[in-house]
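Computed from the coordinates by the stated procedures, all read-outs in this text should not be read as laboratory data. If you're wondering where the values come from, they're calculated on a predicted model, not measured in any experiment. Cβ placement follows ideal geometry from the backbone for every residue including glycine, while neighbour counts extend to all protein chains displayed.
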Amino acid sequence: MKRCSRFKISLIGFLFFISANGFAQDLSTVWKQYDKYRELSLRDRFFKHADVVRLLKQHAVFFKAETLGKSVQGREIYHLSAGNGKIKVLLWSQMHGDETTATRALFDLFNFLRADDEYNVLRKYLLDKLELHFVPMLNPDGAEMFKRRNAMDIDINRDARILATPEARILMDIAKKVKPDFGFNLHDQNVLYSAGISKNTATISFLDPAYNYAKERNEVRKRATQLIVKMNSVLQEYIPDRVARYNDDYDPRCFGDTFQGMDISTILIESGGYPEDPEKEYIRKLNFYALLNALNAIANQSYLQEDAALYEKIPENNRSLYHLLIRNVKIKKEGRLFITNLGINHLQIKDQDYKGVSYQGLIDELGDVERVYGYDEVNAKDLDYVAGKVKVLTKKEWTALTQDAELKLIREGYLFIKWSDGKSPLGPVKKRLLNLNNKSKTDGQTGLNQAANFLLTNQGKPVYAVVNGFLLALDRPVKVLHNTFGY
Ligand SMILES: [Zn+2]
């Protein structure tokens, strides 16, 4: 009998441990199994409202689903909810139409919440403790044209005060109706932000928005701060030194600031850049994992143990990156030979159907630089700057060029092809290593906002090629470039 009751007590203790802590302390096995939950039909930044609607209809069998209203152009905006817990959490994504990373992560989260596997105890725990509310893709009109603002050309995240847009009204209405304890405001930021003044991308940036100009801190804001500290510690394991914090200047036009003032502990998450991840698929996984950890920490209240002061230790979001930085390059210009640095960035050009982008590589800075870095960097100290030559071929010969043949031409100093029998197209050229050019000679200019095309040679031998702002290291296997350019 005694034994039995001791067993009972320890079992109760064990169950209490589970319910008090969930399985929150270590969700790293979920990270390892993430691919089970990844929504495979969303693979890049360019999915549209129709893709989201198709998926939401599938999820409506599990979640409570309703439409909240329509965008300016009449696209429906949806609200999904699940769970019967006391703590209410509202998550919304893509109020900026071209910021799609977190929407993908929310669909991964939906798949996780609906799955039937070894995490059933965890998901039941989350749904018992929390009432979850999701508004994915708040700005479907912007998504359609892959642009930030809505169809009225208003920035929805500067419309929290006057609510001129239907999308902002929808968000405000659902927040007032649900009265969430926590809000997650999910965005993307420029990939050229760094974590502090460093070469590390700000892959994830957080903000606990201020609720007044004095940037005071109350218990509501402190809970947001503590959750960020929690998420930061989780993410450091996967992206060490690539988490930053956003400027907390108060702006009453922004939803995060306004909601914080409405007693909703609000957290801004910004997905930035990560090397070799142009579609932000790795960052999407980080989003999923950070959100899952945050929900678990809210459910088991473990975030309350976090030291809010550690928030200040997270480096600030800083603009100190270029896509490509060439250091100490010798250039001849206006008859003068001088040593300088070239900061080169890739300007996005949207495809006509808004389902993709190309890039134009331009020189964004020329001169002395200090405390700036590049996704790619070359120290050209012992190399010579050489303008690329133009190779004349027929259109047919150009069409038949293999990648190896293109690479051979680059090693011979060519960066451009001119068609001898017609005018070649202007703008982005896909699946190529060489640019097109309608002139027999390039001007070889290297100036601000000019196209970045040149070779870096060692004793006359090309070591690097910069083609449309992309770096090719010629001593290594060469990948096809995202796109070259026709001039
Ligand atoms: Zn945004």
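What ³J(HN,Hα) values, in whole Hz, does the Karplus curve 6.51 cos²θ - 1.76 cosθ + 1.60 give for the stretch 282-288 when θ = phi - 60°, with x put for Gly and Pro?
Coupling constants for the stretch 282-288: 5, 5, 4, 4, 4, 4, 3 Hz.
Taking amide hydrogens as modeled 1.01 Å from N in the peptide plane, which residues meet the under 5 Å criterion relative to Glu131, leaving out close sequence neighbours?
Gly85, Ile87, Lys88, Val89
Mind scanning Lys280/Lys389; Lys222/Lys313; Lys280/Lys332; Lys48/Lys199; Lys280/Lys330; Lys36/Lys147 and naming the pairs with a C-alpha gap bigger than 27 Å?
Details: Lys280/Lys389 35 Å; Lys222/Lys313 15 Å; Lys280/Lys332 38 Å; Lys48/Lys199 33 Å; Lys280/Lys330 35 Å; Lys36/Lys147 31 Å.
Exceeds cut-off: Lys280/Lys389; Lys280/Lys332; Lys48/Lys199; Lys280/Lys330; Lys36/Lys147.
Restricting to DSSP H runs of at least four residues, report the calculated mean residue ellipticity at 222 nm for the chain, -39500 (n - 2.57) per run over all residues, nearest 500 deg cm²/dmol. Intermediate results must be reported in sequence, preceding the final value.
On the way: 12 runs with 137 residues, N = 487.
Mean residue ellipticity at 222 nm (helix-derived): -8500 deg cm²/dmol.
Could you compute how fast the stretch 321-486 diffuses translationally, taking Rh as the Kirkwood radius over C-alpha pairs and applying Stokes-Einstein at 4 °C with viscosity 1.567 mPa s? Give it in µm² per second.
The estimated diffusion coefficient comes to 80 µm²/s.
Around Phe485, which amide H atoms from residues at least 5 apart in sequence, or from another chain, sit under 5 Å from its own amide H, with H modelled in the peptide plane?
For Phe485, the qualifying residues are Val429, Asn435, Leu436.
Over all directions, how big on average is the projection of the convex hull of the alpha-carbon atoms in the chain, in square nanometres?
On the way: hull surface 112.4 nm².
So the Cα hull casts an average projection of 28.1 nm².
For the stretch 141-208, rounded, prolate or oblate, judged on the Cα gyration tensor with a ≥ b ≥ c (square roots of eigenvalues), a/c < 1.5 rounded, else prolate if a/b > b/c? All intermediate terms of the calculation are to be shown ahead of the outcome.
Details: a/c = 2.88, a/b = 1.49, b/c = 1.93.
It is oblate, given that a/c is not under 1.5 and a/b is not larger than b/c.
So for the stretch 363-440, what percent of the C-alpha to C-alpha distances run longer than 21 Å?
On the way: 1247 of 3003 pairs.
Value for the stretch 363-440: 42 percent of Cα pairs lie more than 21 Å apart.
Antiparallel versus total DSSP beta bridges in the stretch 21-318: what percent is that, nearest 5?
Values: 16 of 38 bridges.
Here the antiparallel bridges make up roughly 40 percent for the stretch 21-318.
Using +1 at the Cβ of each Lys and Arg and -1 at the Cβ of each Asp and Glu in the chain, identify which of Ile264, Tyr34, Leu325 lies farthest towards the dipole's positive end.
Tyr34
Give me the percent relative contact order of the chain, please, defined on Cα pairs under 8 angstrom at least 6 residues apart.
Numbers: 1056 pairs, mean separation 61.9, N = 487.
That works out to 13 percent.
For the charge dipole of the stretch 301-433, defined by +1 on Lys and Arg C-beta atoms and -1 on Asp and Glu C-beta atoms about the Cα centroid, which residue among Ala309, Pro425, Gly343 has the Cα displaced farthest towards the positive pole?
The one lying farthest along the dipole's positive direction is Pro425.
Give me a comma-separated list of calculated 3J(HN,Hα) values for the stretch 57-66, in order, Karplus coefficients 6.51, -1.76, 1.60 applied at θ = phi - 60°, integers in Hz, x for any Gly or Pro.
Going residue by residue, I get 4, 5, 7, 5, 6, 9, 8, 6, 10, 8 Hz, with x marking Gly and Pro.
Over the stretch 145-298, what is the percentage of antiparallel beta bridges among all DSSP beta bridges, to the nearest 5?
35 percent
So who's got an amide H within less than 5 Å of the one on Gly69, skipping anything under 5 residues away but keeping other chains? H placed 1.01 Å off N, in plane.
Long-range HN contacts for Gly69: Ile77.
Taking the Cα centre of the stretch 255-303 as origin, sum charge times position over the Cβ atoms of Lys and Arg (+1) and Asp and Glu (-1), and report the length of that vector in debye to the nearest 20.
Details: 3 positive and 7 negative charges, 37 e Å.
Roughly 180 debye for the stretch 255-303.
Pick out, in residue order, every one of the chymotrypsin sites (Phe, Trp or Tyr not before Pro) in the stretch 30-105 that is DSSP loop and has at most 15 other C-beta atoms within 10 Å; say none if there are none. Spell out each step's value before the answer.
Working: sites: Trp31, Tyr34, Tyr37, Phe46, Phe47, Phe62, Phe63, Tyr78, Trp92; in loops: Tyr37, Phe46, Phe47, Phe62, Phe63.
Listed in order of number, the matching sites are Phe62.
If you place +1 on the Cβ of every Lys and Arg and -1 on the Cβ of every Asp and Glu, how big does the dipole about the Cα centre of the stretch 21-318 come out, in debye to the nearest 20? Working shown, then result.
Details: 41 positive and 43 negative charges, 123 e Å.
Dipole of the stretch 21-318, to the nearest 20 debye: 600 debye.
Let me check I've understood the local charge: for Ser420, count other residues with C-beta under 14 angstrom from its C-beta, Lys and Arg +1, Asp and Glu -1. What total comes out? Could the numbers behind the result be given before it?
Values: positive: Lys391, Lys395, Lys396, Lys418, Lys423, Lys439; negative: Glu397, Asp421.
Net charge in that neighbourhood comes out at +4.
Could you give me the ³J(HN,Hα) list for the stretch 242-259, computed from phi with Karplus coefficients 6.51, -1.76, 1.60 and θ = phi - 60°, whole Hz, x at Gly and Pro?
Each residue's phi maps through the Karplus curve to give 10, 10, 10, 10, 7, 4, 9, 4, 6, 9, x, 7, 8, 5, x, 5, 5, 5 Hz.
Quick one: work out the % antiparallel among DSSP beta bridges in the stretch 349-487, nearest 5. Let's see the in-between values first.
Values: 19 of 27 bridges.
Counting only bridges with both partners in the stretch 349-487, antiparallel ones make up about 70 percent.
Name the residue farthest towards the positive end of the dipole of the stretch 301-453 from the options Thr394, Gln450, Tyr359, assuming +1 on Cβ of Lys and Arg, -1 on Cβ of Asp and Glu, about the Cα centre.
Checked the options; the winner is Thr394.
Quick check: from the Cα gyration tensor, does the stretch 97-225 come out rounded (a/c under 1.5), prolate or oblate? Please report the intermediate quantities before stating the final value.
Working: a/c = 1.27, a/b = 1.24, b/c = 1.03.
Rounded shape, in that the Cα axes give a/c under 1.5.
Holding the Cα-Cα limit at 26 Å, pick out from Lys86/Lys230; Lys176/Lys350; Lys355/Lys391 the pairs that are longer than that.
Values: Lys86/Lys230 21 Å; Lys176/Lys350 37 Å; Lys355/Lys391 33 Å.
With Cα atoms farther than 26 Å apart: Lys176/Lys350; Lys355/Lys391.
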